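Working notes for the structure below.
The values are calculated or read from the model by the stated rules, or taken from the named source; none is laboratory data. Not measured: the values here are computed from a predicted model. Cβ sites come from the backbone with ideal geometry, for glycine too, and all protein chains shown count toward neighbours.
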Amino acid sequence: MADGGEVLLRRGGERHNTTRFVKGTNAKKPPNFEGTGVIALFKHPLSIFLVCVPFGVCSYYLSWDPAYTFWLNFFAMLPMAKILGDITEELAAGLRNDLLAGLINATFGNAVEMVITVQTLRGGLYAVVKATLLGSVLSNVLLVLGMSFLFGGLVNIDGKKAEEAKQKDAESLEKEATGGYSMVAEKVQTFKILGAMVNTSMLLLSCLSFTLVTVFGTMLEDHYKFDRTHLEDVMLPISRTCSIIIISAYVAYIVFQLFTHRTVMAEGGDGEEEEEESSISVATCSVLLFVMTAVVAFCSDLLVDSIESMTANANMGEHFIGIILLPIVGNACEHAAAVRFAMQDKPGLSIGIAVGSSTQIALFVVPFSVLVGWAIDRPMDLNFGALNVTVMTLSVIVVLSMVVDGQSNWLQGYLLCAAYAVIAVLFWYVPNSTSI
């Protein structure tokens with residue numbers, strides 16, 4: 001394939017469509033950017049924040065205030081997270097194999113979170129690692145899903161039907177004037193229950209694992225009050241063994257959604273539009289993926305180095321940064337995509353982004369962080385603290401109650417957003433020295 005223009009892949013005279021998937025799932029979706037070729041990757045409005053990359057580097061090496069280093073690299077990560085996600089989608093689409101594409105998407109869908117996790121582990125900020133991973137799950141299942149249900153239950157983006165109607169009455173004129181946006185009364189959206197329930201069940205499995213390890217660790221703390229070394233010697237093997245088991249459950253989940261139950265797990269009704277061909281060659285995507293990953297790793301390293309100095313001087317705790325702020329870096333563009341799909345009456349794609357991505361983090365990235373810590377000799381474990389596992393478990397149960405009937409409305413979305421706001425307020429007031 002060559003860059004630029006539409007590319008038709010033919011075998012025996014037939015056209016073979018390539019497929020892009022929603023982050024962490026096998027639900028089909030259109031391209032995440034407008035246009036063709038490499039330049040199209042950088043056309044998104046968020047790309048303006050790429051100017052923060054050189055300033056963030058200068059801030060670190062010129063010893064500016066740590067707050068400048070943190071915020072410059074924070075905003076620099078936003079467009080890079082989107083670009084990295086788009087490159088992964090294009091690489092998967094260019095492989096001409098839906099199963100392989102889905103596997104790549106499922107593995108690298110949260111590449112930014114994985115890079116930040118490794119860099120934070122190297123910095124020894126284990127509490128920040130745990131808070132960031134927990135925050136990614138919470139922001140997806142509460143904030144992203146909540147905003148999707150909220151706006152999807154109130155607003156329609158109905159450009160196709162507005163074009164088809166062509167009846168010059170007051171309603172269609174208003175739709176044309178507002179670009180297809182319209183408020184809808186008593187709107188209820190429906191979606192496939194199986195995908196939502198499987199993902200939520202997997203999240204509950206991760207909650208069970210983290211909660212049991214945390215409770216066991218709390219019990220051992222009472223037993224080994226003055227022997228932290230012995231406590232660590234017990235907790236690390238338990239966490240590493242449980243991480244291997246959790247990853248095996250994630251592998252089973254991938255086999256389930258990509259092989260044995262691929263058809264029933266796919267959001268067929270939400271992905272009926274014809275998929276566009278990849279406009280970037282596999283070789284180009286591979287080079288771009290390597291370069292962007294290196295830049296993300298470098299900027300995230302500077303970001304992590306500035307956290308401790310910034311929190312010491314600012315009225316903002318490490319727990320709030322990890323649970324609320326850092327997850328925004330890797331998920332901002334996916335948040336917007338989920339809301340857009342919900343407003344287009346494609347709640348299945350929104351749930352695929354929100355709950356599917358959370359499942360990937362909880363069952364893959366979290367145990368991945370423990371095993372990476374093992375590899376680089378860092379004592380990362382699955383003891384997330386009583387408050388953290390309680391918040392996560394209750395949040396997943398609330399989400400389960402929202403998706404169990406296969407329907408959503410704006411009130412459910414508002415309730416999920418309100419729950420996220422309560423959690424944000426809670427962690428704003430948690431002191432740095434507190435073990436949660």
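Return yes when Leu133 is in contact with a Pro (Cβ under 9 Å, 6 or more places away or on another chain), in a helix (DSSP H, G or I), under 21 Å from Gly322 (Cα atoms) and modelled with pLDDT of 80 or more and no when it is not.
Yes, satisfied.
When Asp270 is evaluated against the numbered criteria (1) surrounded by 18 or more Cβ atoms within 10 Å (Cβ to Cβ); (2) modelled with pLDDT of 80 or more, which criterion, by number, is the only one it fails?
The number of the failed condition is (2).
In the stretch 306-355, which residues are modelled with pLDDT under 80 and either among the acidic types (Asp, Glu) or not in a helix (DSSP H, G or I) (or both)?
Glu308, Ala314, Asn315, Met316, Gly317, Glu318, Glu334
Looking at this structure, is Val425 part of a helix (DSSP H, G or I), closer than 22 Å to Leu208 by Cβ, at pLDDT 90 or above and of a type in the set (Val, Ile, Thr)? Steps first, please.
On the way: part of a helix (DSSP H, G or I): yes; closer than 22 Å to Leu208 by Cβ: no; at pLDDT 90 or above: yes; of a type in the set (Val, Ile, Thr): yes.
Criteria not met by Val425.
Contact list please: Cβ distance under 9 Å, first residue in the stretch 25-52 and within 19 Å of Leu78 (Cβ to Cβ) and of a type in the set (Lys, Arg), second residue surrounded by fewer than 17 Cβ atoms within 10 Å (Cβ to Cβ) and modelled with pLDDT under 60, pairs at least six apart or on different chains.
Between residues of the stretch 25-52 that are within 19 Å of Leu78 (Cβ to Cβ) and of a type in the set (Lys, Arg) and residues that are surrounded by fewer than 17 Cβ atoms within 10 Å (Cβ to Cβ) and modelled with pLDDT under 60, the close pairs are Lys43/Glu34; Lys43/Gly35.
Given the structure, is Val389 crowded, with 23+ Cβ neighbours inside 10 Å, touching an Asp or Glu at 6+ places or on another chain (Cβ under 8 Å), closer than 28 Å to Thr229 by Cα and in contact (Cβ under 8 Å) with a residue 24 or more places away in the chain? Give the derivation first.
Numbers: crowded, with 23+ Cβ neighbours inside 10 Å: yes; touching an Asp or Glu at 6+ places or on another chain (Cβ under 8 Å): no; closer than 28 Å to Thr229 by Cα: yes; in contact (Cβ under 8 Å) with a residue 24 or more places away in the chain: yes.
Spelling it out, it is not the case that Val389 is crowded, with 23+ Cβ neighbours inside 10 Å, touching an Asp or Glu at 6+ places or on another chain (Cβ under 8 Å), closer than 28 Å to Thr229 by Cα and in contact (Cβ under 8 Å) with a residue 24 or more places away in the chain.
Could you please find all residues in the stretch 120-130 being of a type outside the set (A, V, I, L, M, F, W, C) and assigned to a helix (DSSP H, G or I)?
Within the stretch 120-130, Thr120, Arg122, Tyr126, Lys130 qualify.
For Val339, only one of the following conditions fails: (1) β-branched (Val, Ile, Thr); (2) touching an Asp or Glu at 6+ places or on another chain (Cβ under 8 Å); (3) more than 29 Å from Arg122 (Cβ to Cβ). What is its number?
(2)
Taking Val365, is it out of contact with any Gly (no Cβ under 9 Å at 6 or more places or on another chain), closer than 22 Å to Asn331 by Cα and assigned to a helix (DSSP H, G or I)?
yes
Which residues, taken from the stretch 417-436, are in contact with a Ser or Thr (Cβ under 9 Å, 6 or more places away or on another chain) and surrounded by 17 or more Cβ atoms within 10 Å (Cβ to Cβ)? Before the answer, list the steps.
Of the residues in the stretch 417-436, the ones in contact with a Ser or Thr (Cβ under 9 Å, 6 or more places away or on another chain) are 419-420, 423, 432.
Correct list: Ala419, Tyr420, Ile423.
Out of (1) of a type in the set (Lys, Arg); (2) under 20 Å from the mean Cα position of the chain (by Cα); (3) in a loop (DSSP other than H, G, I, E, B), the odd one out for Arg378 is which?
Checking Arg378 against (1) of a type in the set (Lys, Arg); (2) under 20 Å from the mean Cα position of the chain (by Cα); (3) in a loop (DSSP other than H, G, I, E, B), the one that fails is (2).
Read through the list (1) surrounded by fewer than 22 Cβ atoms within 10 Å (Cβ to Cβ); (2) assigned to a helix (DSSP H, G or I), then give the number of the only condition that Ser358 fails.
(1)
Modelled with pLDDT under 75, closer than 26 Å to Gly94 by Cβ and within 21 Å of the chain's Cα centre (by Cα), is that true of Glu275?
When the stated conditions are applied, Glu275 does not pass them.
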